[in-house]
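To keep things clear, I will list the structure first and then write my remarks on it.
The values are calculated or read from the model by the stated rules, or taken from the named source; none is laboratory data. Keep in mind that this is a model prediction, so the values were computed, not measured. Don't worry about glycine lacking a Cβ; one is built from the backbone with ideal geometry, like all the others, and counts go over all protein chains shown.
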């Protein structure tokens with residue numbers, strides 16, 4: 001939910017029910033992704049901001065809900081979507097660590113760049129984040145598994161790699177308090 005003015009901080013997730021195979025969650029260290037980049041490129045990225053938006057997700061839910069009565073039960077918009085501008089590289093308020101703050105789901109455009117430039121740069125960053133296995137972990141859900149992570153420096157994605165058959169579902173609870181407004185890198 002990086003589109004929030006104050007995106008989530010520490011998050012806890014517990015699954016009540018998970019598929020017998022698949023349905024894992026991948027987590028990636030956004031600090032390591034940032035540190036993987038060259039120093040001069042990191043300096044450039046620290047000057048940029050990104051629009052994060054929930055509008056596309058809400059529109060998808062509205063369209064899906066209009067398709068059929070069965071889909072309508074699962075597709076609804078709880079509140080009007082928002083969008084906010086955040087630094088592309090944020091500073092952790094406690095550790096001072098720098099981390100990328102982009103994701104494929106909610107990051108829309110880098111402010112001040114042409115659409116084509118923004119899309120190319122974001123795609124490069126997404127690939128850096130998603131393809132580097134050495135700073136990722138994959139959680140295999142078992143009964144009573146609880147995972148805690150810091151959303152300010154960690155990206156995550158549910159892996160939908162299980163068959164949609166009776167008994168194969170992911171159902172859980174997440175506690176996600178809001179944190180501070182993302183802190184940009186100080187430019188002194």
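For segment 131-155, filtering for residues that are modelled with pLDDT under 90 and closer than 28 Å to residue 184 by Cβ leaves 1. Beta carbons closer than 9 Å, at least 6 apart along the sequence or on distinct chains, pair a first residue in segment 120-131 that is over 14 Å from residue 30 (Cβ atoms) with a second that is assigned to a helix (DSSP H, G or I) and modelled with pLDDT of 95 or more for 121/45. Answer yes if at least one residue in segment 54-76 is modelled with pLDDT of 85 or more, out of contact with any helix residue (DSSP H, G or I) (no Cβ under 7 Å at 6 or more places or on another chain) and not in a helix (DSSP H, G or I), and no otherwise. Scanning segment 54-76, I find no residue that is modelled with pLDDT of 85 or more, out of contact with any helix residue (DSSP H, G or I) (no Cβ under 7 Å at 6 or more places or on another chain) and not in a helix (DSSP H, G or I), so the answer is no.
Applying the criterion of being modelled with pLDDT of 95 or more and part of a loop (DSSP other than H, G, I, E, B) to the residues of segment 78-92, the residue that is nearest to the chain's Cα centre (by Cα) is 88. Listed by position, the strands (runs of 3 or more DSSP E) enclosed by segment 100-159 that each have at least 2 residues that are more than 18 Å from residue 11 (Cβ to Cβ) are 107-110.
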